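One structure is given below, encoded as structure tokens.
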Amino acid sequence: MFDAALIQQCADPSLKPAIVEQFIAQAGSQDPLAVTVRSGNRVVLVPKPTTPEEALVLIRDNLGRNAVRVGITQYPAGVGIFEAGQLKPEMVEPCENIRMGTALFAKVYRIVAKWYGNPMAKEVLPQVMDDAVIAWQTGYFEGVGVFHAEDPGQEKNTHTATTDPEKPEDNSDPDEVSGPPAAATDTVMSDPNKAGIRIDLSGIGARP
């Protein structure tokens, strides 16, 4: 069993300690410097790092070409990283890795729980947990990329949060390129009574 004091201090408070312990036991590692590299379904053999610096070099060498999982929670190193230079040593620091990993797993768990209808029955919760762990390991649940999906926990806040009406919320995925905003004239052009004349048809049928 992992250090309960470390979990209490560092784990995301939205997860019960028992869930965090089970999460780390099933999907994580006891080694804070553990780096797992996969190419598709194949595990790539890499040298075992002995220092945080060696771990970061190993991550940088594989990021963008392979799937890389890091540390105690086996955090997906590519999430939120646009280039290898953004990687920080804190990713393999035990407390920070637990903080990052459990925060992201909490979102994954909420996505799975919502699909189940947010059950409270004890006989259903183990299945939710198992599916959440599988989703963490694969990155997908019911065809949805869970790491970049919207957090269902944010939906409750959208009804009560005070926002600036002139500044819309930005819940876009940083890894996705948003399409251009709709042109201001689209609304006007959709009304045929307000649309201007685009082609002059007055000459049709007129005798030369």
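Quick note: the coordinates plus some simple rules give every number you see, no bench work behind them. No experiment lies behind these values; they were computed from the predicted model shown. Ideal geometry is used to build each Cβ from the backbone, glycine not excepted, and the neighbour counts take in all protein chains shown.
Quick notes on this structure:
- Estimated FRET transfer efficiency (R60, T138; beta-carbon r; R0 22 Å; 0.05): 0.40
- Region 4-152, dipole about Cα centre (Lys/Arg Cβ +1, Asp/Glu Cβ -1), debye to the nearest 20: 200
- Ranked packing of 48-60, 137-149, 89-101, most packed first, by mean Cβ within 10 Å: 89-101, 48-60, 137-149
- Note on region 1-122: Lys pairs 8 or more places apart or on different chains, Cα atoms under 29 Å apart, count 8.
- Using only alpha-carbon positions in region 4-152, the gyration tensor eigenvalues give semi-axes of 26, 17, 13 Å once each is multiplied by 5 and square-rooted (largest first).
- Residues listed by number, region 6-34, amide nitrogen under 15 Å from V124 label point at 7 Å toward C-beta: none
- Taking all Cα pairs closer than 8 Å and separated by 6 or more residues, the relative contact order of region 4-152 comes to 23 percent.
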